[in-house]
Structures are given as structure tokens and as C-alpha cells.
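Single-structure report; data block below.
The values are calculated or read from the model by the stated rules, or taken from the named source; none is laboratory data. Bear in mind the structure is a predicted one, so any value in this text is a computation, not a measurement. With ideal geometry, Cβ positions are generated from the backbone for all residues, glycine too; neighbour counts draw on all protein chains shown. We work out accessible area using only protein heavy atoms, side chains counted, and drop any ligands, DNA or RNA first. Shrake-Rupley method; radii C 1.70, N 1.55, O 1.52, S 1.80 Å.
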Amino acid sequence: MPESAGGHVGTLIFGEPLLLLASAVAFVALFKRLGLGSVLGYLAAGVLVGPVLGVITDAQQIFQVSELGVVLFLFIIGLELRPARLMAMRSDIFGLGLAQVLVTGAALTAALWATAWRFEPAFIIGFGLAMSSTAFGMQILEEANETNTPYGQKSVAILLFQDIAIVPLLAVVPMLSPTNTATAFSFSEILVGVTAAAGSFAALYLAGRFLLNPIFRLLAHVRARETMTAAALLVVLGAAALMHFGGMSMAMGAFVAGLILADSSFRHELEANIEPFRGILLGLFFMAVGMSINIDALAHSWGRILFAVIAVMVLKAVILYGLARLFRASHNTAVRIAGLLPQAGEFAFVLFAAAASVRALWPSDTSFVAAVVTVTMALTPLSVRLAGRLVRAAPPEVLDEDFDGAGGDVLVIGFGRFGQIVSQVLLARGIAVTIIDSSAERIRQAARFGFRIYFGDGTRRDVLRAAGADKTAIICICVDQPATTSAIAEMVLSEFETAKVYARSWDRNHAIDLLEEGIDFEIRETFESAMAFGAETLRGLGYDAEEVDATVADVRKRDADRLALQRRAGGTAGAPRGPVQPEPLVPLRSGE
């Protein structure tokens with residue numbers, strides 16, 4: 001069956017690309033719908049077309065092409081980081097990143113050596129497994145929009161140092177070969193390597209500083225959009241090739257190119273041109289990981305592989321957590337780093353392939369550790385979800401409730417965006433206003449501008465009484481959450497009957513609920529701004545002020561009439577009322 005399927009696909013023009021695209025679209029959509037993320041979707045698609053159906057069997061070829069997705073990804077990360085931010089991360093890169101590689105590599109090497117592996121393959125495998133996956137880590141951070149969070153920045157720092165560390169590790173591999181007779185590199189070899197790396201960095205820096213911006217400026221001037229896309233790809237791939245020539249990784253070259261262009265005025269144009277290629281190629285990389293899973297090897301040695309996978313991921317997670325805490329990360333940040341980076345990465349394949357080529361690893365060893373790497377990568381989304389369950393909810397900061405001096409004509413509950421504007425209007429007329437809010441940070445911010453705000457929970461009657469609710473003329477409920485607004489309104493109406501109650505409503509249903517409770521005034525939070533926006537749009541179209549005012553007044557009256565009609569349609573008091581369905585306030589023209 002697999003052979004016949006493969007034969008049919010092979011005879012079809014673009015058969016393999018069609019199959020890859022179809023399976024990616026189907027599985028990614030399904031896994032995103034299930035809340036499992038796109039990475040697992042790509043992996044599942046790769047497993048289906050590779051080891052399950054046997055339609056595409058050469059995952060290595062796809063790896064070679066799809067690794068460009070990682071290169072493009074690092075270029076975009078460089079564009080977003082900027083040199084100043086990178087300098088701010090230097091302690092994490094060369095502190096936390098260096099410690100992670102050394103400690104994890106040494107621990108895994110020691111564990112393998114203790115289980116009867118020779119030192120040379122134990123060292124290569126240990127430090128290879130110490131590397132995490134840039135592709136998986138960065139994709140998950142980007143999907144969750146967490147690249148710029150503290151845990152995201154520290155994770156990026158670790159991954160960046162690992163990109164640097166692969167260079168000396170590749171240089172050490174030939175020295176560990178059983179056929180190697182030299183004990184060290186000659187001085188001339190070291191000098192040539194350092195000179196090539198330094199020269200590549202210098203050439204890339206000079207080209208980025210003095211050549212790229214004028215070229216992009218010229219292309220923008222002639223408005224050759226498709227040429228701009230080609231130039232963006234040329235920059236990324238050229239930088240990657242240049243760094244590869246200097247003995248560094250291609251991903252590192254793309255990252256440096258992104259850093260150089262981060263302050264360029266063409267930064268956003270470059271990112272927009274690269275992004276589609278990055279997304280497709282990175283998805284293809286994840287599919288190649290799925291295709292490379294050897295089902296037969298898993299079935300034959302599943303117990304040994306499973307034990308190794310669990311041991312590697314647990315050991316790496318524990319070390320990552322400990323080192324992150326040592327470098328002053330919070331518990332939550334350390335847990336999330338440990339959940340994001342416990343897998344082995346794509347650089348492990350490079351390192352193991354180099355070791356196999358010089359017979360530092362036997363083919364059977366290479367197959368085994370490659371299976372371990374692949375499975376750890378496949379389990380990454382699950383480790384991230386597990387880490388999320390171990391994160392502690394930060395307790396809300398609590399200030400002392402001190403209502404000394406509270407009391408006025410108006411009590412405002414909630415000092416968010418809405419409450420701030422309400423308060424400013426009242427204070428502008430010299431009205432005595434008491435404001436309470438439950439956010440300690442918001443109270444501190446308001447104090448910088450001279451506002452006196454009292455800390456307190458507006459849902460508690462004793463807090464409202466202490467704030468003067470039983471003596472105030474109007475209580476304004478300006479909180480963000482509809483349920484909280486309704487709870488406060490119900491309590492205020494029953495406890496402080498002498499005060500009028502004005503409330504901010506969330507939508508039409510909430511407005512009707514509040515009016516049914518008996519408040520004196522409500523306003524939907526977006527209603528007046530939308531009316532003003534619509535009126536200004538009419539003015540922009542050339543309507544005079546009288547026509548605009550008449551139109552706005554007509555729509556306002558229609559809305560009030562509709563709201564009254566919907567309230568009456570709610571049934572008798574106390575009976576349940578279904579949600580109000582949105583309806584147009586004016587009849588639509590024919591064909592609309």
C-alpha cells in the first residue's frame with residue numbers, strides 16, 4: 001500500500017509538494033482547533049506522509065531545504081532584537097547560556113560514561129543533547145507572543161549561545177575520532193579559523209553598514225517590489241553563506257544580518273517580505289522531523305528510547321530551572337524556561353552526522369540518539385503545557401485600606417480608562433470626588449499625577465460605607481468587568497438607597513440587565529464614542545453640521561426606542577430573559 005501510494009505521487013507533477021501542503025493545512029488546522037498548537041500539527045503531518053504511509057521517505061533532503069526556515073527565523077529575530085537590546089542581554093547570553101551548555105553537557109556526558117559508554121561518544125552525545133531546538137523554542141514563543149517576556153528573553157539568550165557553541169563542538173569532534181592521531185590543532189590551523197571567522201564578521205558588518213541601506217533605498221525609489229523581496233532573500237542567504245564560510249553556523253549569520261539592519265528604515269519592509277518564506281520553510285522543517293521518526297526502531301527499542309527521552313528531558317529541565325534561579329529568575333520564569341527548552345535540537349543532527357563521518361560514533365549509536373532527539377522535539381509542546389500547569393498564580397498586591405478624609409458628592413468605583421475620564425470631568429468643576437480602586441499599581445500611577453485614590457474592593461459593603469457611600473449623592477460604577485458591575489449595582493441599590501446609581505455597561509444585554517435592577521443611569525462603554533466617530537465621518541464626507549446633528553439625533557432616538565422595546569419584550573419581572581439579538585436601527589437599502 002505505501003509503495004503504490006508513493007508511486008502514484010511520484011508520477012504526478014508536483015505530487016510531493018501538493019501532498020505536503022495538503023497534509024500541513026489539514027493537520028495544523030485540526031491541531032490548532034484542538035488547542036494543541038501548530039508545531040504538533042506539522043509533526044503529525046510529517047509522520048503521516050513519512051513513516052506511516054511511506055509516500056515520502058527521504059526526510060534528509062527536506063531537512064536540507066527546510067533548515068532555511070530556521071535561518072530566516074533567526075534573521076527576523078535579529079531584526080526585532082536590535083543591538084541595544086542584545087547588549088542588555090549579554091549577561092544572559094554569556095552567563096546563563098554558557099552555564100547551560102557546560103553544566104548540561106557535562107551532566108549528560110557523566111551519565112553516559114557511568115552507564116558503560118566510552119568517553120569520546122559520551123562527550124559527543126552529551127553535548128549534542130545539551131543543545132535545544134531553536135526552531136521549536138522560537139516558534140512556540142512567537143505563537144504565544146512571549147518573545148519579549150522575561151522568560152522569552154532568557155530563552156532566546158540560551159538559544160543564541162548554543163548557536164555559538166556548536167562551532168567549537170564541531171571543531172572538537174575530529175579530535176575524538178579513534179582514527180585521529182593528533183592531540184591538538186596546530187597553531188596555524190587555529191589562526192586560520194579565527195581569521196576566517198573574524199573576516200566574515202567584519203565583511204558582514206561593513207556590508208550592512210555601508211552597502212545594504214543604499215541598495216534598499218535605490219530599490220524603494222524605483223518601486224520594484226518583487227526585486228525588494230529578492231533582495232531581502234539575497235541579504236539573508238548571503239549573510240548565512242558568508243558566516244558558514246567563516247566556520248560559523250548559517251543561522252548565526254542570518255541573526256547578525258538582522259541585528260545590523262534592525263535600525264534600518266527598511267526593517268518592516270524586510271520583515272514583511274521574509275515572513276511568508278519563513279513560515280512555510282519552518283513548517284516544512286517540523287514536518288521533516290516527523291518524517292525522520294523511525295517507526296521500526298521505535299517499535300524495536302521503544303523501552304530504551306522512552307527511558308532515554310524521559311531522562312534527557314527531565315535532567316535538562318531540572319538543570320535549566322536551577323540555573324535560571326541561580327541567575328535570579330523568578331520561579332515562574334524558571335519553570336517556563338525549563339518547559340520550553342528540555343528537548344534536543346537540530347544542531348544535534350549536525351554534530352552526530354559529523355561524528356559519524358569520522359567514525360567517532362557507530363551507525364547504530366547514531367540511529368539511536370537521532371531517534372531520541374526526534375522524540376524529544378515532538379514532545380516539546382506537551383512539556384510547555386505541563387510547565388504552564390506548574391506556574392504559580394501571582395497573589396494580587398494588597399495595600400492598607402485607609403479611608404481617612406474620604407467622602408464627597410460623588411463616589412467613583414474603578415479608576416481604569418473609563419473611570420479616569422469620568423473623574424477628570426468632575427474634578428474640573430471642583431466637585432468633591434472619592435475614588436476607590438483595587439489595583440495597587442494603578443493607585444501608585446495615579447499618585448504620580450496628584451490623584452488621591454483609596455485602595456479598596458468595591459464589591460464589599462464595609463469598604464463602600466467607609467468611603468462614604470451612605471452620604472454621597474451619586475455612586476458611579478466604572479469597573480471593567482460586567483459581572484462585577486452587576487454585583488456592585490445590586491448591593492448598592494439595596495444598601496445605599498439615598499444615592500443615585502450610575503453605571504458603565506458592557507453591551508446591550510448588560511445595559512438592559514442594569515436598568516432592570518433599577519439603576520438611575522447607564523451608558524454602554526463604546527456607544528458615545530461610536531456616535532461621535534460616525535458623526536465625524538459624515539462631516540468628512542461633506543455633510544453640514546445641521547445634517548450631521550439631525551442624523552445623530554435620529555439614530556440616538558431609534559436606539560433608545562429599540563432599547564425600551566427590548567426591555568418590555570423581556571417578560572415579567574424575575575422571569576428569565578434570553579440574550580438580545582443585534583438588529584439594524586434603520587432599514588437597509590435593497591441589495592444590502
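Please work out if Glu80 is within 24 Å of the chain's Cα centre (by Cα), under 24 Å from Arg336 (Cβ atoms) and not aromatic (Phe, Trp, Tyr). Here the answer is yes, as Glu80 does meet what is asked.
Looking across segment 247-286, the residues that are open to solvent by 10 Å² or more (accessible area, probe 1.4 Å), among the hydrophobic types (A, V, I, L, M, F, W, C) and outside any helix (DSSP H, G or I) come down to Met248, Phe266. When Leu379 is tested against (1) modelled with pLDDT of 80 or more; (2) within 35 Å of the chain's Cα centre (by Cα); (3) open to solvent by less than 40 Å² (accessible area, probe 1.4 Å), exactly one condition is not met: (3).
Enumerate the helices (runs of 4 or more DSSP H) found wholly within segment 482-592, keeping only those where 3 or more residues are modelled with pLDDT of 90 or more, among the hydrophobic types (A, V, I, L, M, F, W, C) and within 27 Å of Ser423 (Cβ to Cβ).
On the way: elements: 482-495, 508-517, 527-540, 545-568.
Hits in segment 482-592: 482-495, 508-517, 527-540.
Filter segment 102-136 down to residues that are aliphatic (A, V, I, L, M) and more than 22 Å from Ser177 (Cα to Cα) and give me whichever is most open to solvent (accessible area, probe 1.4 Å). Only one residue tops the list, namely Val103.
Residue under question is Thr472, and the condition is that it be surrounded by fewer than 22 Cβ atoms within 10 Å (Cβ to Cβ), assigned to a loop (DSSP other than H, G, I, E, B) and either in contact (Cβ under 8 Å) with a residue 24 or more places away in the chain or on the phi > 0 side of the Ramachandran plot (or both); does it hold? No; evaluated as a whole, the condition is false for this residue. Given the criteria in a helix (DSSP H, G or I), modelled with pLDDT under 75 and surrounded by 13 or more Cβ atoms within 10 Å (Cβ to Cβ), does Ala5 qualify? Judged against the criteria, Ala5 is a match.
Quick check: is even one residue across segment 291-302 among the hydrophobic types (A, V, I, L, M, F, W, C) and either in contact with an Asp or Glu (Cβ under 7 Å, 6 or more places away or on another chain) or open to solvent by less than 20 Å² (accessible area, probe 1.4 Å) (or both)? Give the derivation first.
At the first step, the residues of segment 291-302 found to be among the hydrophobic types (A, V, I, L, M, F, W, C) are 291, 293, 295, 297-299, 302.
Now drop any that are not either in contact with an Asp or Glu (Cβ under 7 Å, 6 or more places away or on another chain) or open to solvent by less than 20 Å² (accessible area, probe 1.4 Å) (or both), which leaves 291.
Taking every residue of segment 291-302 in turn, at least one turns out to be among the hydrophobic types (A, V, I, L, M, F, W, C) and either in contact with an Asp or Glu (Cβ under 7 Å, 6 or more places away or on another chain) or open to solvent by less than 20 Å² (accessible area, probe 1.4 Å) (or both).
Check segment 330-346 and report whether any residue there is of a type in the set (Gly, Ala, Ser), under 18 Å from Ile166 (Cβ atoms) and crowded, with 21+ Cβ neighbours inside 10 Å.
Within segment 330-346, one or more residues are of a type in the set (Gly, Ala, Ser), under 18 Å from Ile166 (Cβ atoms) and crowded, with 21+ Cβ neighbours inside 10 Å.
Against the test of being surrounded by fewer than 17 Cβ atoms within 10 Å (Cβ to Cβ), closer than 30 Å to His244 by Cα and modelled with pLDDT under 80, the options Val70, Val65 yield a single qualifying residue, Val65. Answer yes or no as to whether Ile519 is touching a Lys or Arg at 6+ places or on another chain (Cβ under 6 Å), aliphatic (A, V, I, L, M) and open to solvent by less than 60 Å² (accessible area, probe 1.4 Å). Against the criterion (touching a Lys or Arg at 6+ places or on another chain (Cβ under 6 Å), aliphatic (A, V, I, L, M) and open to solvent by less than 60 Å² (accessible area, probe 1.4 Å)), Ile519 does not qualify.
Looking at segment 25-39 only, could you name the residues that are in a helix (DSSP H, G or I), surrounded by fewer than 22 Cβ atoms within 10 Å (Cβ to Cβ) and not β-branched (Val, Ile, Thr)? Matches in segment 25-39: Ala26, Ala29, Leu30, Phe31, Lys32, Arg33, Ser38. Test Phe277 against the criterion of being within 25 Å of the chain's Cα centre (by Cα) and modelled with pLDDT of 80 or more, and give yes or no. Spelling it out, Phe277 is indeed within 25 Å of the chain's Cα centre (by Cα) and modelled with pLDDT of 80 or more.
Residue-level analysis places Glu142 among those that are at pLDDT 80 or above, under 17 Å from Val70 (Cβ atoms) and either in contact with a Lys or Arg (Cβ under 6 Å, 6 or more places away or on another chain) or open to solvent by 10 Å² or more (accessible area, probe 1.4 Å) (or both). Being touching a residue at least 24 places away in the same chain (Cβ under 8 Å), of a type outside the set (Gly, Ala, Ser) and not in a strand (DSSP E or B) is the filter here; which residues of segment 421-463 pass it? Within segment 421-463, Val422, Glu441, Arg442, Ile443, Phe451, Arg452, Thr459, Arg461, Val463 qualify. Residues in segment 488-516 that are open to solvent by 30 Å² or more (accessible area, probe 1.4 Å) and within 35 Å of the chain's Cα centre (by Cα): Trp506, Asp507, Arg508, Asn509. In segment 195-246, the residue that is least open to solvent (accessible area, probe 1.4 Å) out of those that are without any contact (Cβ under 8 Å) to a residue 40 or more places away in the chain and not in a helix (DSSP H, G or I) is Ala224.
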